[in-house]
Amino acid sequence: MQKLIDEIKKTSGDMARRGWAESNGGNISLRLNEERFQAFNGFPPKSGWMKLPMAMPEIAGERFLVTGTGRFLRNIEVAPEKNTGVIEIDQKGEACQLLWGYEPAGAPTSELPAHLLSHCRIKEKTNNQSFAFIHTHPNSVIALTYAVANLETKSLTRLLWQSHAECIVVFPQGVEFLPWMMAGSMDLGKATADAISRRNLAVWQFHGICGCGRNLDEAFGRIDVAEKAAEICLRVMAAGGAKQTLSDVQLRAIAANFKCSLDEAIFDC
Ligand code: 2HA
Ligand code: ZN
């Protein structure tokens, strides 16, 4: 159990220190494989079955380590058992129960629909090889959704790719842009899962970003690179705008060099 707790402490601490997780902002979930779950095996349930907002048969029987609603990511390092919990999905994918955590009482993140619905797609698209999902509030990504007119998936992706030469390697499928929707809503959850089925990052206009990965490091790293690109982009705008930028030829060459399979449609915009 300690190794798992250490992983979520590291990620949540890094997020808080980056300024991505003010107050109760941001949340993390990690699907637990059999080996990781062993530490919690045999724990008596701490709650009854609670109905999920919709059936998710893709994740029936799965267990997740999830940060708690209203809890602060910066406090996970100090008290993981209060600020995170382990939930188990029933055999039909219709309900969940608490096995550990949220001491003395609590519940999973308000963004649980986005997390669980995305995990359904992530499990499917990676052939059960990816386990991590992070939602967070990094300043520059959010600022970009105010500063640039008519943003959509292609223009946002191209802007980020052009702003930092690593981006096209880290997210060759791009970043999906989602127009503002109510935090915690099923609409936002469904739209996010849909986006995550196509790409590994989804930006929530005026709110934040979501990223997935094989593990917390990979999910964090993707968000970190997107945030760095957004920061560079904003600095360039503040310095009077780009006088030159990475060309499509250069971007394609970087992708070819690192053998990345690109979403070519991004170049259409
Ligand atoms: O957990 O980040 O989007 C608080 C939030 C809601
Ligand atoms: Zn949020």
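The values are calculated or read from the model by the stated rules, or taken from the named source; none is laboratory data. All values derive from a computational prediction rather than experimental measurement. Glycine also receives a Cβ, built like all others from the backbone with ideal geometry; neighbour counts cover every protein chain displayed.
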For the stretch 184-210, pairs from a residue that is under 18 Å from residue 160 (Cβ atoms) to a residue that is of a type in the set (Ser, Thr, Tyr) and within 12 Å of ligand 2 (Cβ to nearest atom), with Cβ under 7 Å and 6 or more apart or across chains, are 202/192; 208/136; 209/136; 210/192
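Pick out, from the stretch 168-269, the helices (runs of 4 or more DSSP H) lying fully within it that include 2 or more residues that are in contact with a Gly (Cβ under 8 Å, 6 or more places away or on another chain) and closer than 27 Å to residue 7 by Cα. Before you say what the answer is, go through the steps one by one.
On the way: elements: 186-198, 216-238, 248-257.
Those helices (runs of 4 or more DSSP H) span 216-238.
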In the stretch 128-153, which residues are of a type in the set (A, V, I, L, M) and in contact (Cβ under 8 Å) with a residue 60 or more places away in the chain? 132, 134, 141, 142, 143, 144, 147
Do you know which residues across the stretch 94-109 are more than 20 Å from residue 36 (Cα to Cα) and either touching a Cys at 6+ places or on another chain (Cβ under 9 Å) or polar (S, T, N, Q) (or both)? 109
Does the stretch 116-138 hold any residues that are in contact with a Ser or Thr (Cβ under 8 Å, 6 or more places away or on another chain), among the β-branched types (Val, Ile, Thr) and more than 13 Å from ligand 1 (Cβ to nearest atom), and which are they? 122
Being part of a loop (DSSP other than H, G, I, E, B), surrounded by 15 or more Cβ atoms within 10 Å (Cβ to Cβ) and out of contact with any Leu (no Cβ under 6 Å at 6 or more places or on another chain) is the filter here, so list the residues in the stretch 1-24 that pass it. 18, 20, 24
Taking the stretch 72-102, which residues are surrounded by fewer than 21 Cβ atoms within 10 Å (Cβ to Cβ) and within 16 Å of ligand 2 (Cβ to nearest atom)? 72, 74
Checking the condition surrounded by fewer than 17 Cβ atoms within 10 Å (Cβ to Cβ), within 16 Å of ligand 2 (Cβ to nearest atom), hydrophobic (A, V, I, L, M, F, W, C) and modelled with pLDDT of 95 or more, which residue from 114, 143, 105 passes? 143
I'd like to verify a number: residues in the stretch 2-23 that are closer than 17 Å to residue 101 by Cα and either within 12 Å of ligand 2 (Cβ to nearest atom) or touching a Lys or Arg at 6+ places or on another chain (Cβ under 9 Å) (or both), how many? 3
Checking residue 132 against (1) surrounded by fewer than 18 Cβ atoms within 10 Å (Cβ to Cβ); (2) away from ligand 2 (no atom under 16 Å from the Cβ), which test does it fail? (1)
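Would you mind finding the one in 211, 184, 174 that is on the phi > 0 side of the Ramachandran plot and surrounded by 18 or more Cβ atoms within 10 Å (Cβ to Cβ)? Explain how you work it out, then say what you get.
Values: 211 fails: on the phi > 0 side of the Ramachandran plot; 184 fails: surrounded by 18 or more Cβ atoms within 10 Å (Cβ to Cβ).
When all the criteria are applied, what remains is 174.
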Please work out if residue 33 is of a type outside the set (D, E, K, R), away from ligand 2 (no atom under 16 Å from the Cβ) and at pLDDT 95 or above. yes
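Would you please name the residue that is farthest from ligand 2 (Cβ to nearest atom), looking only at residues in the stretch 174-194 that are touching a strand residue (DSSP E or B) at 6+ places or on another chain (Cβ under 6 Å) and within 18 Å of residue 53 (Cβ to Cβ)? If you could, list the steps in order and put the result at the bottom.
First, the residues of the stretch 174-194 that are touching a strand residue (DSSP E or B) at 6+ places or on another chain (Cβ under 6 Å): 175-178, 191-192.
Remaining after also requiring within 18 Å of residue 53 (Cβ to Cβ): 191-192.
Details: 191: 14, 192: 11 Å.
Looking at residues that are touching a strand residue (DSSP E or B) at 6+ places or on another chain (Cβ under 6 Å) and within 18 Å of residue 53 (Cβ to Cβ), I get 191.
Yes or no: residue 208 at pLDDT 95 or above, small (Gly, Ala, Ser) and more than 14 Å from ligand 2 (Cβ to nearest atom)?
Numbers: at pLDDT 95 or above: yes; small (Gly, Ala, Ser): yes; more than 14 Å from ligand 2 (Cβ to nearest atom): no.
Against the criterion (at pLDDT 95 or above, small (Gly, Ala, Ser) and more than 14 Å from ligand 2 (Cβ to nearest atom)), residue 208 does not qualify.
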